[in-house]
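Data block below; observations after.
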Amino acid sequence: MSTTLLSAKNITRRFGGLVAIDRVSVDLNQGSVHAVIGTNGAGKSTLVSVLSGEIPPNEGNITMLGKDITRWPQPDRARAGLGRSYQRTTIFPSLSVHENCRISAQSNHQKFWRWAFPASKCTYSNEAADRALELAGLAEFADRPAGLLSHGGKRQLEIAMCLATHPKVLLLDEPLAGMGAEETDRMLNLLDSLKKEHAILLVEHDMDAVFRISDEITVMVNGCVIAHGDPESIRNNPDVQTAYLGEEE
Amino acid sequence: MDPVIFLIQCLNAIQYGLLLFLVASGLTLIFGIMGIINLAHGSFYMIGAYMAFALEPLVAQYLGGGFVTTLVACIVLAAILGYFLEWAFYSYLYTREHLQQLLMTHGLILVFEELRSIIIDNDVHGVSPPDWLSGTIALSDVMTYPTYRLFISAVCIVVALLMYWLLARTRLGMMIRAGASNREMINSLGIDINRLFRIVFALGVALAALAGAIAAPVSSVYPGMGNAILIICFVVVVIGGIGSIKGAFVAAMLIGFVDTFGQVLFPQAAGVLVYLMMAAILLFKPEGLFKQG
Amino acid sequence: EVKVGFMLPYSGTFAQLGEAIENGFKLYVQEQGGKLAGQEITYFRVDDESNPSKGPDNANRLIKRDQVDILVGTVHSGVAMALAKAATDSDTTLIIPNAGAGAITGPLCSKNVFRSSFSNWQPGYAMGAAAAEKGHKTAVTISWNYAAGKESTDGFKESFEKAGGKVVKHLTLPFPQVEFQPLLTEIAATKPDVVYTFFAGGGAVKFVQDYAAAGLRKDIELVGAGFLTDGTLKAQGESAQGLLTTLHYADGLNTERDNAFRENYKKNFPKLPPDVYAVQGYDAAQMLDAGLKAVGGDVAKKDQMRDAIRNATIDSPRGKFTLSKSGNPVQDMYLREVKGEDNVPVKVAVKALADPSVGCKMN
Amino acid sequence: MQSSFRTLLVPVLVIITALLPMVTADYYTALIIKIMIYSLFALSLQLLVGCTGLVSLGHSAFFGISAYAVTLLSPEYASGNMLWVIPAAIVCAMAYAVITGALALRTKGIYFIMVTLTFAQMAYYVFHDTKLGGGSDGIYLYVRPELRIGDWVILNIDNSYTFYLFTLACLLFTWGFLAMLMRSRFGAALTGIHVNEQRMRAAGFSTFGYKLTAYVIAAAFGGLAGLLYAVKDGYVNPELLAWEQSGLVLLMVILGGMGRLWGAVIGAIGLILLQEVFQSEAIFGSFAIHWHLTFGLAIIALVAFMPKGLIGLPEQLRARRNRSTSSATAK
Amino acid sequence: MTVLIDAQGINTHYGESHILFDVNLQINAGESIGLLGRNGMGKTTLIRTLMGHIRPTAGSIKIRGADHTRSEPHQVARQGIAYVPEGRGIFPNLDVRENLLVAARPGVNGRNDWTYERVLETFPRLTERLQHGGQQLSGGEQQMLAIGRALMTNPDILILDEATEGLAPLIIAEIWRIIGTIRETGVATLIVDRNYRKVLANTDRCVVLEKGVVVEEKESATLINQPDLLTRYLGV
Ligand SMILES: Nc1ncnc2c1ncn2[C@@H]1O[C@H](COP(=O)(O)OP(=O)(O)OP(=O)(O)O)[C@@H](O)[C@H]1O
Ligand SMILES: Nc1ncnc2c1ncn2[C@@H]1O[C@H](COP(=O)(O)OP(=O)(O)OP(=O)(O)O)[C@@H](O)[C@H]1O
Ligand SMILES: [Mg+2]
Ligand SMILES: [Mg+2]
């Protein structure tokens, strides 16, 4: 039986007069991919930011693994097992691909009082980085400066850095954006294999991918949830069709 | 404080604030909009003041004299100087790290200051206001207020309005702001960013020089006058919000008041008051009072 | 051969003063035929930038690198403090041709340090006496919030209150700010009989102009330490006319000694006026000359030379003066009035005024 | 081969530097001391600017505060005990860093530059306008501190050569400590924060704590440099806290090259030597009076032709050589 | 038929790494070209070279017959070439209205088909956001704004690099429809998109890049019937 790792209830976030998200609730369960789709500007990225602790919600509360984390700052949530990727790539371009992951991994092993111990010798972080690169299919580029990767490569690295922290809950904001078919395929397989142990929230516009991988879909329009359910019911939901999916070709 | 004195102090504060604004507005243009930390801005102020001093006899000789003519000559020369300097020294700084700009403009300060000493001299010189502005207005039984200071205030207000209009309402203003945030994109839209920035820079220099020239009759011209004003201008720009003309205006006014009343009410702490205020404002508004716009 | 090191401001606000001091010094040496006590004089120069934090290093350039026998410097009090420390540490003879910091000839006085100028206290004290004598009862003092200003206004207060006056307010503004308007308003509100100020350079020009422009001249007399109107009169123009200041020198003392000096100076340095700074430089050379003569030009005999300087009577263009034990001139302070571009002497405000040199152990 | 050369190079350089005063004149010994102190100062700022991306224009505050502290804490006519005077002075600088850092680190970019500048100006005015440290004229430190336990004097730095060695030891200690620190996990996290702070927060780093710690460590070493400077001259003045001083050390870091520790050292050496040369009448004759002009032009030229600072120079030359050889083969 | 852009033998480097190898590309007036290739094959690099953001190390670029190999981007743009970059390049400190107006300019031959009003009509969502700053827009809104802004320059050729990235299907469909309209008005287009089917359906001709080399150049209608080629080069 799947356990609920992260649960958000009635989240509201306003920017000035604009209600970016309006009483949105989501549950993320281990072993399932929960896709959030919706029109542009529906508030998907904002939702991810609120869940990850980057911006505080105006209302509502968030619990993770039974603890109320609504007021936790982002780094605390991250260390408690909440990982996120960004819609816009946020890698460290001057460092190597491996170092990128190692630095992320190190967050579980900060030990900054060990100021004389070289970071590159930290076995924990190195292993975590290796594993993450392997998973994301970037192992062969490990020594390349991250800035020289192609756009798609950078997106993969973004996920790898997220994985390196051993998160339990993954919040992925358009991880497939800008990826070719091959990489998309690999990424989806990766997500598939990850979902056994993780709870995944996926924001994505690639409907083929969403319908292929997700177990649960929430549809947002203008900050509100207009539908929630399994892929099949969403696909056939007339509201969703008019507001988002458009006519099937 | 008796009410008349209080009112006079308010007038002083406003007048000081306006002058600060005039100097700082050029800085906020260059500093905020073009992304250049221009330490040499104080030098442009100094150059303006020295031009007012040195051009006066020349203008009298060749152009028949006149205060306004001198001012115009200062502005025009300063703009040309700015255009040239941008081309020679600043144009390749945009793609470099901000810090390199600090270094480069610091070098320019040294050069300008030394050239000033070689070309003019190291003496203090006075510049007299034109006759038609040298009158005074009685404020209290013992105190009067020079007309020229009112003139400065008027010029500052006019410049403030012009700047606001230029940046917020004209297409040139839009281009300038757009170019500040993404040079490559504005270039892709068919706008010659290099020329655009050269114009902005010239404008900024001209503003600083105008401030110097117009302040010269009340401040006189002396070595190091540029550096003295630089830091306080930075404070104005930062409190106001980088790139915001409106912000610079409000900040300059605030500083005018804090400084004026600080000197009178807390003379021992007057030195730190402005800085304390800046720290306090940035704590609540880490991006200044008015973010860009 | 005697090596003289000038550590003077050659850039920045005080550059002009540095030049005048050097000129004055060289003028005297030149008058002696290029030699003092038979010794060839070679000069070394370092720009002190009027920056005290660089003071010790700049002093060492002269002391350690150029190994000068005599140091001459400087204008800025803070730099002079640094210079005095370095000179004392290395046992080098130092003649200060301007900086008036009281501490140098006070608590920090030392046998190797002399001054050919004044202490900040001296002009202030002289003016306090003169102002009280004119019948003023209440005074406001104003200066930048720094040590020199404080020492000067303290001097004024001391003599003014001794003579029965009262300093009702001491106004300051942060150094080097020149926005005087709020303080002028404050003065107008206080309405004292007289205002005593200590400003120099650009600040002095602006203060005098603003004071006149604010219309205060007609009701409240403005007086000051001499620097208010020395080297700044051309820039101050009309607004300075009739100002009274006190200093140890004035334009047109009309003594034989002074006239000769002025004429000679003008001949050699036509671009600069023969002002008090030139005199101070000139007298620094005279003091050195007195010392060297006593030891027959042998600079190695430091103690003898210093004793000779300390006991000398210097025949200065300002009038003869001697040195106190702490090394500061004991001199007449003139009350001067601005006429045209000159500070013409009115009278001697205090005769043979010596700095009290509080805290100096050599007294 | 290459690496054994490298490992030998460092001790050899250190020994040469340590022995240098045997052959150089007094003045140049003093000059090297000054360079070493500024190197130390620049190193401390490099930790902030080059390694963490926090551009501080108020670093002189720590330099000056600690210089004042060591002067005020030493007894007037006897020598203070290093054992507590030095730590106490550094703690003063660190304390100021904790308070101002906690506030300043809430801002970013240009604002951070300005806020740090502000706090330094505040400290400047405290010393300039109050009697606390002798006002604008400054105060003397008559006797250098010494290291003693009870009555047993272990180290006395009155002698200029011992002081030289003492300064060198401080510099080496700082350099070693910071190098170690940057290689550690703490350093790696700082590097990450430098590039993308938001990412680091998302990965689980409380970046504020890291930045504050870096700020305080930098202040501590900046303070060490300041107290050495005070001890060297025996004279402190508010100008030690002036923004020009912060600007100078920032110049050193930029000129030397950012991100690498030794960039700061090279920058300090370069800048001080440049000043020295341009001010020398022996080289420039009477034009040395206008040394600001030559110095300014030199800075401009350096920026124009060495965008990566002095440490980037070899790389730049290599790139140029490659380009010319490749274009030669293309023909 | 006039040749708008004629690039011959383009070689481009990023520092030491060689990205494009002897690429030839010709775009005729009114023609629509698709640029296909997997990630990192050099599509964006080619476009940026054409626009003048990167100098080619060898080769020549002619626009309407005039040499523009060493021209600045603004000179290229003034030849009637509009560019919607990867990542959109919205001016964050300008509001939506200003983002559009700043680009407004008649086309090369004085055409003025695309006015402010028409762009807003095309993207009604932007009308609601007129006073919002560029940085406050969602990804999709930004993309619309970027296209609208490019149209404001009344271009003869519109270059779209990943124009549909991060857009909702409804909007994507809308954008393809607009691209269709644009083609009908006689504006040439150069389209990069990962949805190769859409690209093939909306272009006359396609160029396939593989590791910086043009490996295929065919009529779109032909290419669509050659799944083996597509599999080889695009991995579909
Ligand atoms: N910092 C902000 N300030 C003001 N408004 C904001 C801010 N961030 C987002 N918004 C607004 O909130 C709304 C939701 O934006 P969000 O980025 O969450 O959309 P999204 O669903 O991720 O869209 P997309 O799929 O296009 O990325 C948008 O209308 C946007 O303009
Ligand atoms: N600034 C750069 N410096 C060095 N190499 C770069 C740079 N930008 C891109 N590259 C490299 O150039 C190659 C081509 O990149 P380009 O962005 O043109 O590919 P693309 O075909 O547009 O890919 P995508 O579909 O991911 O956008 C890639 O291998 C990339 O790693
Ligand atoms: Mg989004
Ligand atoms: Mg691309």
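The values are calculated or read from the model by the stated rules, or taken from the named source; none is laboratory data. Keep in mind the model is a prediction, meaning the values are calculated, not measured. Quick reminder, even Gly has a Cβ in these numbers, built from the backbone with ideal geometry, and neighbours come from all protein chains shown. Note: accessible area is taken over every heavy atom of the protein model, side chains too, but ligands, DNA and RNA are not part of it. Shrake-Rupley method; radii C 1.70, N 1.55, O 1.52, S 1.80 Å.
Worth a mention:
- Enumeration of residues in region D:94-110 that are at the interface with chain B (Cβ under 9 Å from one of its Cβ atoms) and open to solvent by 20 Å² or more (accessible area, probe 1.4 Å): D:L103, D:R106, D:K108, D:G109, D:I110
- Only listed residue being out of contact with any Gly (no Cβ under 7 Å at 6 or more places or on another chain) and of a type in the set (A, V, I, L, M, F, W, C), chosen from E:L120, E:L100: E:L120
- Residue match in region D:104-115 (condition: without any contact (Cβ under 8 Å) to a residue 12 or more places away in the chain, of a type in the set (V, I, T) and outside any helix (DSSP H, G or I)): yes
- Residue in region E:131-138 that is within 16 Å of ligand 3 (Cβ to nearest atom) and open to solvent by less than 10 Å² (accessible area, probe 1.4 Å) present: yes
- Screening region C:90-108 for residues that are surrounded by fewer than 24 Cβ atoms within 10 Å (Cβ to Cβ) and part of a loop (DSSP other than H, G, I, E, B) and picking the one that is nearest to the other protein chains (Cβ to nearest Cβ) gives C:L108.
- Criterion: part of a loop (DSSP other than H, G, I, E, B) and surrounded by fewer than 18 Cβ atoms within 10 Å (Cβ to Cβ) - qualifying residue of C:D315, C:D298: C:D298
- Verdict on D:L273 being open to solvent by 10 Å² or more (accessible area, probe 1.4 Å), farther than 26 Å from D:A104 by Cα, away from chain A (no Cβ under 12 Å) and assigned to a helix (DSSP H, G or I): yes
- For region E:21-38, filtered to residues that are open to solvent by less than 10 Å² (accessible area, probe 1.4 Å) and more than 14 Å from chain A (Cβ to nearest Cβ), the residue that is farthest from D:E315 (Cα to Cα) is E:S32.
- Number of positions in region E:160-172 that are open to solvent by less than 10 Å² (accessible area, probe 1.4 Å), part of a loop (DSSP other than H, G, I, E, B) and in contact (Cβ under 8 Å) with a residue 40 or more places away in the chain: 1
- Residue ID - surrounded by the fewest Cβ atoms within 10 Å (Cβ to Cβ), chosen from residues in region A:72-99 that are facing another protein chain (nearest Cβ under 8 Å) and within 16 Å of ligand 3 (Cβ to nearest atom): A:R88
- Screening A:E54, A:E59 for residues that are within 16 Å of ligand 3 (Cβ to nearest atom) and not hydroxyl-bearing (S, T, Y) leaves exactly one candidate, A:E54.
- The C-beta contact set for region E:136-159 (first residue within 24 Å of E:Q26 (Cβ to Cβ), second residue modelled with pLDDT of 90 or more and within 16 Å of ligand 2 (Cβ to nearest atom), distance under 7 angstrom, 6+ apart or interchain) comprises E:A150/E:Y83; E:A150/E:V84; E:I157/E:L190; E:I159/E:I47; E:I159/E:Y83; E:I159/E:V84; E:I159/E:L190.
- Top-ranked residue of region E:136-150 - restricted to ones that are out of contact with any strand residue (DSSP E or B) (no Cβ under 7 Å at 6 or more places or on another chain) and more than 9 Å from every other protein chain (Cβ to nearest Cβ), ranked as nearest to E:R177 (Cα to Cα): E:G148
- Residues that are open to solvent by less than 10 Å² (accessible area, probe 1.4 Å) and away from chain E (no Cβ under 12 Å) were ranked within region A:166-186; the one that is farthest from the chain's Cα centre (by Cα) is A:P167.
- Taken over region C:258-283, the criterion of being more than 18 Å from C:M333 (Cα to Cα), among the hydrophobic types (A, V, I, L, M, F, W, C) and either touching a Cys at 6+ places or on another chain (Cβ under 8 Å) or not in a loop (DSSP other than H, G, I, E, B) (or both) is satisfied by C:A260, C:F261.
- Count of region E:81-120 residues which are at the interface with another protein chain (Cβ under 9 Å from one of its Cβ atoms), more than 16 Å from ligand 4 (Cβ to nearest atom), among the small types (G, A, S) and in a loop (DSSP other than H, G, I, E, B): 2
- Meets criteria (of a type outside the set (D, E, K, R), open to solvent by 40 Å² or more (accessible area, probe 1.4 Å) and within 14 Å of chain B (Cβ to nearest Cβ)) for D:P307: yes
- Hits in region C:34-54 - residues which are at the interface with another protein chain (Cβ under 7 Å from one of its Cβ atoms) and assigned to a helix (DSSP H, G or I): C:P52, C:S53
- Selected residue (only one of D:V153, D:V143 is open to solvent by 20 Å² or more (accessible area, probe 1.4 Å), farther than 30 Å from C:A103 by Cβ, modelled with pLDDT under 90 and of a type in the set (V, I, T)): D:V153
- Region A:52-71 - residue that is touching a residue at least 12 places away in the same chain (Cβ under 8 Å) and small (G, A, S) and, of those, farthest from the other protein chains (Cβ to nearest Cβ): A:G60
- Cross-chain or 6+ apart pairs with Cβ under 6 Å, region A:40-51 first and within 10 Å of another protein chain (Cβ to nearest Cβ), then within 16 Å of ligand 2 (Cβ to nearest atom) and not in a helix (DSSP H, G or I): A:S45/A:Q87
- Residue within region A:142-149 that is outside the structural domain of A:L201 (by TED's automatic domain parsing) and either buried (at least 19 other Cβ atoms within 10 Å of the Cβ) or within 16 Å of ligand 3 (Cβ to nearest atom) (or both) present: yes
- Selection status of B:L282, crowded, with 22+ Cβ neighbours inside 10 Å and either among the charged types (D, E, K, R) or touching a Phe, Trp or Tyr at 6+ places or on another chain (Cβ under 8 Å) (or both): yes
- Test: D:L43 is open to solvent by 10 Å² or more (accessible area, probe 1.4 Å) and of a type outside the set (K, R): no
- Residue count for region C:318-347, restricted to those that are open to solvent by 30 Å² or more (accessible area, probe 1.4 Å) and outside any strand (DSSP E or B): 3
- Boolean, B:R177 is at the interface with another protein chain (Cβ under 8 Å from one of its Cβ atoms) and surrounded by fewer than 20 Cβ atoms within 10 Å (Cβ to Cβ): no
- Annotation: of all residues in region E:39-55 being in a loop (DSSP other than H, G, I, E, B) and under 16 Å from E:H18 (Cβ atoms), the one that is most open to solvent (accessible area, probe 1.4 Å) is E:R55.
- Residue match in region B:83-100 (condition: open to solvent by less than 20 Å² (accessible area, probe 1.4 Å) and farther than 23 Å from B:G32 by Cα): no
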